[in-house]
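Enquirer: The structure that follows is given in the form of structure tokens.
The values are calculated or read from the model by the stated rules, or taken from the named source; none is laboratory data. None of these values were measured; they are calculated from a predicted model. Don't worry about glycine lacking a Cβ; one is built from the backbone with ideal geometry, like all the others, and counts go over all protein chains shown.
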Amino acid sequence: MSVAHSDEPLIEVEDLRTYFHSEAGIAKAVDGISFAVRRKKTLGVVGESGCGKSVTARSIMRLIRPPGKIESGSIRYRRGEETLELAGLDPKGRTLREIRGAEIAMIFQEPMTSLNPVFTIGEQITEVIRLHLGAGRGEARRRAIDMLNAVAIPSPHQRIDDYPHQLSGGMRQRAMIAMALSCHPSLLIADEPTTALDVTIQAQVIRLMRDLQREFEAAIIFITHDLGVVAGIADEVMVMYLGEIVERAPVRDLFRDPKHPYTQGLMTSIPSLNGARKQRLPVIEGNVPSPFDLPRGCRFHPRCAHASELCRERAPLLLEAAPEHHVACHLQDPELA
Amino acid sequence: MVPAGLLLVTFLFGLFHFIPGDPALLLAGDNASAEVVEGIRRAYGFDQPLPVQYWTYMKKVLQGDLGVSNFSREPVTALILPRIFNTAQLAFWSMGFAMVVSLILGCCSAMFWNTWIDKLITGIALLGICTPVFVSGLFGIFLFSVKLGLLPTGGLDSWRSFVLPVVTLGAFQAAVLTRMVRASMVEALGQDYIETARAKGLAETAVVFKHALRNAMLPIVTLFGLGFGATLGGSVVTETIFTWPGLGRTMVESILSRDLPVTQGALLLFAFMFIGINLVVDLLYAAIDPRIRFDAP
């Protein structure tokens, strides 16, 4: 049974569109994306600020609040033998509340502000354990200490009664991870969990997440703007630009052979240790256009060096350019190239 | 708190010495002879140098002796202590009423931010702030006491005497507090940890009343303390309207009859109640926010 299961995607997003309505117009934060994540696998989501990474995460959690709204698409979540359509559930309803925190958990970017300053980390971790596992006070506390131990917080018996402001950034993020994993979720969504941390702590936290993933057999959606981080943790990577997926591939393929000009641009703008010293880092020209006023045709064409008339006119589809390697670019379309 | 108290007593002492008029002359009356006035001056120690008078006054205050009323010859403490109780009771119930009402309305407003519910509540609160207590109080007396005969116009006999003053005073403070609760809650609900709480699978009521409200309480408690002080200070007006036997009315009466020891005593007690409230507010800060508790030297 478990063999059949592990092949089936745990979560399958299809043609998801999440828009924000405001007086300035409609911002298409996520505009027709599809992907799937299997058990024990990690999907890396990469892109600049405003590309729709976080909105994707919050759409799965159904944490999008007005004026944001899931316009269409489906989010199928495999729960044991049944498949739930998360996009169709009441965001304040019972089923979703049972899933959130217990089966799908989330880690946020800012450990400084994502923990409630007026409660101890113990109170915040036991709260979720008691809520979902129905554990008593003592049992929940034991479990919370175990979790703090699992995320390698030293002397968890004392730290459990600390308030967030008494911990360092790295420790807070560990506490967040402990909280997110305390009910052994099958899917963990990590929204830039290492961005606010310094580099050595980043590496520790990533190693920790990988170890815990193996231990708890969870799937991870790992959101970041840092390609280096994604190389270290993801099995598959999807690159987003202005609410769309421009490229999706297994991590090795993506790094060995980035096909989309945007992905190529991201790769070359990483400083290299053996590059010439005085050489300036290449940059992707221009700025991200406003989501209220999206370019016609391919959304990347105003910043693309290879843009042709076709790119200005018609939006490319996400097609399989190599086995499992999908890219949305006219240059990669054999019929057009 | 102790330095503040000492400073206060000193200030009051100074204040009463620099108001124009000779206290001995006042006590003796307009028709008294020069010898009588001189006798009174000596008996009360008004002839002593200022530092000596200050020292005597300070000693007496510290021993709980606030002097004797110029008219009834009763000790000031005996005169005003029961009055304080009435004033405090009125302030307590009004502020309790204000707290409950403002928390409910303010949280509702924040939860339904920018909807018609929010706009209605904010509108009512604005109206409440714009209506002074002497207007709403007199209107209340006119409607419920004079026209409908449901409640007494004033005095303090039974629980029914409480209704009008408590609601009038409380409604005004509730209006002020509602706006603060709303603003504070809207801010708290926009914080990252609220999203964390929602992502944990908590019900919206737990998110609002546990995670947001506790964080929103700090500015609310500050304003609540100020409101409590204002209610005490405002008792001068309220107690006059509702003929409430409290400290505020005693003070007004003592001023009108130039009964200086009573005025002085009443003022001193008002001031000490303010200091007391501030102390309670500070202690509440620490209870609410661990960052204040632990950062203290």
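Enquirer: Kindly indicate the residue of the range B:190-210 that is within 9 Å of chain A (Cβ to nearest Cβ) and part of a loop (DSSP other than H, G, I, E, B) and also surrounded by the fewest Cβ atoms within 10 Å (Cβ to Cβ) among those meeting that condition.
Expert: B:ALA203
Enquirer: Could you list, in sequence order, the residues of the range B:108-118 that are surrounded by 12 or more Cβ atoms within 10 Å (Cβ to Cβ) and of a type in the set (Phe, Trp, Tyr)?
Expert: The answer is B:PHE112, B:TRP113.
Enquirer: Output the number of residues of the range A:169-201 satisfying the condition of being farther than 22 Å from A:ARG97 by Cβ and out of contact with any Pro (no Cβ under 9 Å at 6 or more places or on another chain).
Expert: Number of matching residues: 7.
Enquirer: Does B:GLU187 qualify as being farther than 18 Å from B:MET95 by Cβ, out of contact with any Leu (no Cβ under 7 Å at 6 or more places or on another chain) and either charged (D, E, K, R) or touching a residue at least 60 places away in the same chain (Cβ under 8 Å) (or both)?
Expert: yes
Enquirer: What is the residue count in the range A:88-102 for residues that are more than 17 Å from B:ALA203 (Cβ to Cβ) and either modelled with pLDDT of 90 or more or in contact with a helix residue (DSSP H, G or I) (Cβ under 8 Å, 6 or more places away or on another chain) (or both)?
Expert: 0
To keep it simple, each residue is scored yes or no on (1) more than 10 Å from every other protein chain (Cβ to nearest Cβ); (2) surrounded by fewer than 21 Cβ atoms within 10 Å (Cβ to Cβ); (3) in a loop (DSSP other than H, G, I, E, B).
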position	(1), (2), (3)
A:VAL55	yes, no, no
A:ARG58	no, no, no
A:ARG65	no, yes, yes
A:GLY73	yes, yes, no
A:TYR77	yes, no, no
A:LEU84	yes, yes, no
A:ALA102	no, yes, yes
A:THR113	no, yes, no
A:HIS132	no, no, no
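Enquirer: Take the range B:119-162 and flag every residue that is aromatic (Phe, Trp, Tyr) and either surrounded by 15 or more Cβ atoms within 10 Å (Cβ to Cβ) or outside the structural domain of B:ILE241 (by TED's automatic domain parsing) (or both).
Expert: B:PHE144, B:PHE162
Enquirer: All but one of (1) in contact (Cβ under 8 Å) with a residue 24 or more places away in the chain; (2) farther than 14 Å from B:ASN70 by Cβ hold for B:THR250, so report the exception by its number.
Expert: (2)
Enquirer: Would you please name the residue that is surrounded by the most Cβ atoms within 10 Å (Cβ to Cβ), looking only at residues in the range A:257-273 that are touching a helix residue (DSSP H, G or I) at 6+ places or on another chain (Cβ under 7 Å) and in a loop (DSSP other than H, G, I, E, B)?
Expert: In this case the residue turns out to be A:PRO258.
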